[in-house]
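Chemist: This is the structure I want to talk about, given as structure tokens.
The values are calculated or read from the model by the stated rules, or taken from the named source; none is laboratory data. Keep in mind the model is a prediction, meaning the values are calculated, not measured. Don't worry about glycine lacking a Cβ; one is built from the backbone with ideal geometry, like all the others, and counts go over all protein chains shown.
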Number of protein chains: 2
Amino acid sequence: MPNDAYGELLERWRDARILDSCDSLLGWDQETYMPAGGAAHRAEQHALLARLVHEERTDARIGELVEAAADDERVQDPASVEAANLREIRREFERWSKVPTSLQVERARTASLALQAWKQARNENSFETFSPWLQKILDLRVQEAEAVGYDTEVYDALLEVYEPGETAAHLIELFAPVRDASVDLLGRIRESAHRPEAGLLEGTMPIERQSEFVRRVAEAIGFDLHGGRIDTTTHPFCSRIGPGDVRLTTRYTEREFHGAFFSVLHEAGHGIYEQGLPADAFGAPAGEAASYGVHESQSRLWENHVGRSQGFWRHFYGDLQATFPDTFAGVGRGDFYSAVNRVEPSLIRVDADEVTYDLHIFLRFDLERAMLNGDLAVADLPGAWNERFEADFGLRPPGDAQGCLQDIHWSWGSFAYFPTYTLGNLYAAQIFGAAGRDLGDLDEAFARGEFLPLRDWLRDKVYGNGARYRPAELVERICGKPVGAQDLIAHLNGRYSRIYGLT
Amino acid sequence: MPNDAYGELLERWRDARILDSCDSLLGWDQETYMPAGGAAHRAEQHALLARLVHEERTDARIGELVEAAADDERVQDPASVEAANLREIRREFERWSKVPTSLQVERARTASLALQAWKQARNENSFETFSPWLQKILDLRVQEAEAVGYDTEVYDALLEVYEPGETAAHLIELFAPVRDASVDLLGRIRESAHRPEAGLLEGTMPIERQSEFVRRVAEAIGFDLHGGRIDTTTHPFCSRIGPGDVRLTTRYTEREFHGAFFSVLHEAGHGIYEQGLPADAFGAPAGEAASYGVHESQSRLWENHVGRSQGFWRHFYGDLQATFPDTFAGVGRGDFYSAVNRVEPSLIRVDADEVTYDLHIFLRFDLERAMLNGDLAVADLPGAWNERFEADFGLRPPGDAQGCLQDIHWSWGSFAYFPTYTLGNLYAAQIFGAAGRDLGDLDEAFARGEFLPLRDWLRDKVYGNGARYRPAELVERICGKPVGAQDLIAHLNGRYSRIYGLT
């Protein structure tokens, strides 16, 4: 047992993190294998662990240790890992100390039960089943934001949890050119004479074989199944239980393989990040992901920059054809490639193409901001959603299950999370560009089945750093320029101009 | 929030129990779905929860509350639920307060890692892989026993955990007539001209169908799958995560159905008990099982008194034949019934027939007692096991995987657990007899597919009482006589005399 303040601080912080990782298993189990009858007790378990974790992280002793550790020689160099650990622990301690334990407990209990209500509501296409829970979890998070405080608006107090240092005002500025470029590109695509044939992706593809194929691919790109697994759930997600134990989930339909396939690549991107965090720093900020935005950058990078590339399918298409000969034996790789990159406004975010994807995010960003700021009542959400959806996509959801009930996030109380997806797209485009400059022609490497050099480069540049740098700083260090929209816009224009023959 | 001492005590005890139930999920997951790479972190999680649970249960405040609650009006009647709750909490508080937290943490961490070592050792048939872990966990439990104290021998200090009020000396006395009767009955069976044909149970039975069949049966006898599930593991077990969430496991082989089938009935017996505990008393002793012996009485009752009865198969045999026509279409029910009750000394305890079963227990009881008392070195266990096994069963295990490595219990440090199986057999025979006196001809009821009257009777007499009565007192209350060997011996002699045509 270390008897220095810094050492004691890290040790106690680690205990809280281990306890929190027990809660991760409760959450994973709730989505995968928990019998329906276990929901009420699961809520009690979540509530208790939330209380204990909160008490441990906001214990007065932590405050004393944070103060005492500031004198430690190791933290005097602000570029050191130790300084970063202390900075992040102090940030979390100060934030959570402002939030009453009772509020955290209530949030955990409510989130667990609201999740069950959301599932039922989505199955029954009934917003009314979910709306009282949405109201309750929204109120709790507004209370949290008020307790924590903010400069400009409620939204920022929650955004800080997912993307430290980010603000709604800055996001609006950052997102505007992405929106313009997406709308412009979509317009040109719709006018294009080229129409990729989506029907060729459909057939009868046994789920067992889909599962085996996607496991092969996930392993080939660097997801370690000795330290992970892939299960089936309603809503795909990735959860790290701890070092050596990172779990992905997806959902399958027999009629098409690509929905499950790309969702596994997406989650495997999260998983590869988690598996690349330094295991010996588990429990310290240096052993945690930098932010949710950086996390999404990795899921989007592996899903889109890798998984939807020409080189990737030059390598894997033969295997896919052999796995589902009835569907793909007679389909050329070029047509297949165009089909998996087909751009088409559609109802469901997780199935969206790269060009329309961010429009789904901007809709959620605006609506959740309006709810948090009190400009949109929960009861009015379905109407507001459908109206905005029609304006942006030219489609109207036939029901709320395919509208405002489609995503799990709000049921958990994850308001202000959605922007991290677009931040992830921005970061991913910049980071992938930098990787190409360092590693040479990645598309050719993928065509040869070489994915591990990219994974290892990312381990070095991103994963291995944990939360040592703030997200914007991390991206700037890797790419040599601040976060901006140019690389993402260039990527979208480049890839889709080629596919759609645009000039 | 109650502000009386009794109420506060119960609330804090309940929190510790909820925390412990998180550990139950960690344990279940470790056996079912945890990836291999997660073992080290899982041990850290177990160790932390063990510490927190131990600290909470032995907190000085608990001691103060126990003292203060003694003046509560509700506990003055020693027959009240409140008095029983206080009695059991005091017993546990006093016991665990004598055990240093560091020892509990070390035990939890060691047990988790020893379990992994045991699995590997069993797979590789290598006692050497396991023996250092066995030594370590044995030492830790001896230290615990020494800390707790005992009147006569180390064994009693551990037995108290599983069967409050029981001692090794009393077990020796109680078990002697069972041993004599089992050996005598086995001798007469071996001399009998009647030889049930075991080969008729073998065939090719797809695991999927076995699983569906056994789920139908488990539900029919009263195991609720809305509040439970059945998975596959190396070693079958039952785990309650909480009210509404009780999980069974088993292992299948395609060549025969009855191994998995009876193991599910056994675990379903545990599960039916857990599901019958009063949910609103969760976290109080009145919401917990009375003892491991009483628990085993229910697994053995449902497995043997119900599942191996004539009436049970009069009801289910048609379904079984329809499920596996290739194997059973041409087999008469009488021959089938004799086959599933065939008596034959064999190597594996969990596959043993009712007559030889207790001989497996007596062997383990004697050897673990010798290890705890220092009369048998860990290194000498395989030799002692094989020698004793040959003496009792006329067989020599071909390897330790089928000898002293076959059971999971010692790897967890569960020394002094095995006798609860034979206690369970004793209790089960007495309780089942009492049920028959109350409910009429149970065999006829089973033949009509009526199992719920028995389950509901057991809920009333056993499950609903939780740990309100000490085990021996509970059995005596139900049966009107103290625990003894007569009913079990009468049951074995009756059933097997009929099957083997003994006089």
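Chemist: Could you run through region B:1-47 and say how many residues are part of a helix (DSSP H, G or I), among the charged types (D, E, K, R) and more than 7 Å from chain A (Cβ to nearest Cβ)? Step through it out loud before you land on a result.
Modeler: From region B:1-47, those part of a helix (DSSP H, G or I) are B:5-32, B:36-47; that's our starting set.
Add one more test, that the residue is among the charged types (D, E, K, R), and what stays is B:8, B:11-12, B:14-15, B:17, B:20, B:23, B:29, B:31, B:42, B:44.
Now restrict to residues that are more than 7 Å from chain A (Cβ to nearest Cβ): B:8, B:11-12, B:14, B:17, B:20, B:23, B:31, B:42.
Number of matching residues: 9.
Chemist: Give me a count of the residues in region A:176-220 that are among the β-branched types (Val, Ile, Thr) and either modelled with pLDDT under 95 or surrounded by 16 or more Cβ atoms within 10 Å (Cβ to Cβ) (or both). Steps first, answer last, please.
Modeler: Taking region A:176-220 and keeping what is among the β-branched types (Val, Ile, Thr), we get A:178, A:183, A:189, A:204, A:207, A:214, A:217.
Pick out the ones that are also either modelled with pLDDT under 95 or surrounded by 16 or more Cβ atoms within 10 Å (Cβ to Cβ) (or both) and you get A:178, A:189, A:214, A:217.
Summing the residues that are among the β-branched types (Val, Ile, Thr) and either modelled with pLDDT under 95 or surrounded by 16 or more Cβ atoms within 10 Å (Cβ to Cβ) (or both) in region A:176-220 gives 4.
Chemist: Here are some conditions: (1) under 21 Å from B:TYR150 (Cβ atoms); (2) in contact (Cβ under 8 Å) with a residue 60 or more places away in the chain. B:ILE89 meets all but one. Which one does it not meet?
Modeler: (1)
Chemist: Here is a further query. Failed condition for A:ASP151, given (1) closer than 30 Å to A:ALA467 by Cβ; (2) in contact with a helix residue (DSSP H, G or I) (Cβ under 6 Å, 6 or more places away or on another chain), with all others met?
Modeler: All conditions pass for A:ASP151, except number (2).
Chemist: In contact with a Lys or Arg (Cβ under 9 Å, 6 or more places away or on another chain) and within 20 Å of A:TYR427 (Cβ to Cβ): which single residue out of A:ALA176, A:ALA181, A:ALA168, A:ALA198 fits that description?
Modeler: Working: A:ALA176 fails: in contact with a Lys or Arg (Cβ under 9 Å, 6 or more places away or on another chain); A:ALA181 fails: in contact with a Lys or Arg (Cβ under 9 Å, 6 or more places away or on another chain); A:ALA198 fails: within 20 Å of A:TYR427 (Cβ to Cβ).
Of the residues listed, the single one that is in contact with a Lys or Arg (Cβ under 9 Å, 6 or more places away or on another chain) and within 20 Å of A:TYR427 (Cβ to Cβ) is A:ALA168.
Chemist: Let me ask something else. Out of A:VAL99, A:VAL105, report the one residue that is surrounded by 16 or more Cβ atoms within 10 Å (Cβ to Cβ) and part of a loop (DSSP other than H, G, I, E, B). Don't jump to the end; show me each part of the working.
Modeler: Working: A:VAL105 fails: part of a loop (DSSP other than H, G, I, E, B).
Exactly one of A:VAL99, A:VAL105 is surrounded by 16 or more Cβ atoms within 10 Å (Cβ to Cβ) and part of a loop (DSSP other than H, G, I, E, B), namely A:VAL99.
Chemist: So, one more: Mind listing just one residue for me: the one in region B:191-237 that is out of contact with any strand residue (DSSP E or B) (no Cβ under 6 Å at 6 or more places or on another chain), under 20 Å from B:ASP326 (Cβ atoms) and charged (D, E, K, R) and, of those, nearest to the other protein chains (Cβ to nearest Cβ)?
Modeler: B:GLU208
Chemist: Can you report the number of residues in region A:225-236 which are at pLDDT 95 or above and in a loop (DSSP other than H, G, I, E, B)? Outline the logic, then answer.
Modeler: At the first step, the residues of region A:225-236 found to be at pLDDT 95 or above are A:225-232.
Add one more test, that the residue is in a loop (DSSP other than H, G, I, E, B), and what stays is A:225-227.
Count: 3.
Chemist: Please verify whether B:ALA84 is more than 26 Å from A:PRO243 (Cα to Cα), within 11 Å of chain A (Cβ to nearest Cβ) and touching a residue at least 40 places away in the same chain (Cβ under 8 Å), treating the condition exactly as stated. I'd like the intermediate steps shown before the answer.
Modeler: Details: more than 26 Å from A:PRO243 (Cα to Cα): yes; within 11 Å of chain A (Cβ to nearest Cβ): no; touching a residue at least 40 places away in the same chain (Cβ under 8 Å): yes.
No: the conditions fail for B:ALA84.
Chemist: Testing A:GLY283 on (1) assigned to a helix (DSSP H, G or I); (2) within 14 Å of chain B (Cβ to nearest Cβ), one condition comes back false. Which one is that?
Modeler: (1)
Chemist: How many residues are acidic (Asp, Glu) and farther than 28 Å from A:ARG107 by Cα if we restrict to region A:50-89?
Modeler: First, the residues of region A:50-89 that are acidic (Asp, Glu): A:55-56, A:59, A:64, A:67, A:71-73, A:77, A:82, A:88.
Pick out the ones that are also farther than 28 Å from A:ARG107 by Cα and you get A:67, A:71-73, A:77, A:82.
Number satisfying all stated conditions: 6.
Chemist: While we're looking at this one, here's another question. Within region B:48-58, which residues are facing chain A (nearest Cβ under 10 Å) and either touching a residue at least 60 places away in the same chain (Cβ under 8 Å) or not charged (D, E, K, R) (or both)? Show your work before the answer.
Modeler: Quick first cut of region B:48-58, residues facing chain A (nearest Cβ under 10 Å) only: B:48-49, B:51-52, B:56.
Passing the criteria: B:LEU48, B:LEU49, B:LEU52.
Chemist: Go through (1) within 14 Å of chain A (Cβ to nearest Cβ); (2) buried (at least 22 other Cβ atoms within 10 Å of the Cβ); (3) within 20 Å of B:THR420 (Cβ to Cβ) one by one and return the number of the condition B:ARG300 breaks.
Modeler: Of everything listed in (1) within 14 Å of chain A (Cβ to nearest Cβ); (2) buried (at least 22 other Cβ atoms within 10 Å of the Cβ); (3) within 20 Å of B:THR420 (Cβ to Cβ), B:ARG300 misses just condition (1).
Chemist: Taking the options A:ARG91, A:ARG107, name whichever one is more than 14 Å from chain B (Cβ to nearest Cβ) and either closer than 22 Å to A:ALA290 by Cα or of a type in the set (Val, Ile, Thr) (or both). Write out each step before concluding.
Modeler: Values: A:ARG107 fails: either closer than 22 Å to A:ALA290 by Cα or of a type in the set (Val, Ile, Thr) (or both).
From the options A:ARG91, A:ARG107, the qualifying one is A:ARG91.
Chemist: Of the residues in region B:238-273, how many are in a helix (DSSP H, G or I) and either in contact with a helix residue (DSSP H, G or I) (Cβ under 7 Å, 6 or more places away or on another chain) or away from every other protein chain (no Cβ under 12 Å) (or both)? Don't jump to the end; show me each part of the working.
Modeler: Of the residues in region B:238-273, the ones in a helix (DSSP H, G or I) are B:258-273.
Restricting the remaining residues to those that are either in contact with a helix residue (DSSP H, G or I) (Cβ under 7 Å, 6 or more places away or on another chain) or away from every other protein chain (no Cβ under 12 Å) (or both) gives B:258-270, B:272-273.
The total comes to 15.
Chemist: Still on this structure, please answer the following. So, in region B:462-495, of the ones that are of a type in the set (Asp, Glu) and closer than 17 Å to B:ARG437 by Cα, which residue ends up surrounded by the most Cβ atoms within 10 Å (Cβ to Cβ)?
Modeler: In the first step, residues of region B:462-495 are kept if they are of a type in the set (Asp, Glu); the result is B:473, B:476, B:487.
Filter once more, keeping what is closer than 17 Å to B:ARG437 by Cα: B:476, B:487.
Numbers: B:GLU476: 15, B:ASP487: 21.
Taking the candidates together, the pick is B:ASP487.
Chemist: Just to be sure before I move on: is A:ASP351 modelled with pLDDT under 95, surrounded by fewer than 21 Cβ atoms within 10 Å (Cβ to Cβ) and assigned by TED's automatic domain parsing to the domain that holds A:ARG188 in the structure I sent? Even if it seems obvious, please write down each step before you answer.
Modeler: Working: modelled with pLDDT under 95: yes; surrounded by fewer than 21 Cβ atoms within 10 Å (Cβ to Cβ): yes; assigned by TED's automatic domain parsing to the domain that holds A:ARG188: yes.
So A:ASP351 passes the test.
Chemist: Failed condition for B:LYS119, given (1) modelled with pLDDT of 95 or more; (2) in a helix (DSSP H, G or I), with all others met?
Modeler: Unmet condition: (1).
Chemist: With the requirement that a residue be under 17 Å from B:ARG364 (Cα atoms) and among the polar types (S, T, N, Q), what does region B:134-167 give you?
Modeler: If the condition is that a residue be under 17 Å from B:ARG364 (Cα atoms) and among the polar types (S, T, N, Q), then B:GLN135, B:THR167 are the ones that fit.
Chemist: Sticking with this one: Can you tell me how many residues within region A:62-90 are under 26 Å from A:ARG141 (Cβ atoms) and modelled with pLDDT under 95?
Modeler: Residues of region A:62-90 under 26 Å from A:ARG141 (Cβ atoms): A:62-63, A:66, A:87-90.
With modelled with pLDDT under 95 added as a condition, the list becomes none.
Final tally of qualifying residues: 0.
Chemist: Now a separate question. Which condition does B:ALA70 not pass, out of (1) in contact (Cβ under 8 Å) with a residue 24 or more places away in the chain; (2) more than 10 Å from chain A (Cβ to nearest Cβ); (3) surrounded by fewer than 21 Cβ atoms within 10 Å (Cβ to Cβ), if it passes all the others?
Modeler: With respect to (1) in contact (Cβ under 8 Å) with a residue 24 or more places away in the chain; (2) more than 10 Å from chain A (Cβ to nearest Cβ); (3) surrounded by fewer than 21 Cβ atoms within 10 Å (Cβ to Cβ), B:ALA70 is out only on (1).
Chemist: Can you confirm whether region A:209-218 contains a residue that is under 29 Å from A:ILE478 (Cα atoms), in a helix (DSSP H, G or I) and outside the structural domain of A:ARG14 (by TED's automatic domain parsing)?
Modeler: yes
Chemist: Please go through (1) within 14 Å of another protein chain (Cβ to nearest Cβ); (2) modelled with pLDDT of 95 or more for A:GLU163 and return the number of the only condition it doesn't satisfy.
Modeler: Every condition holds for A:GLU163 apart from (1).
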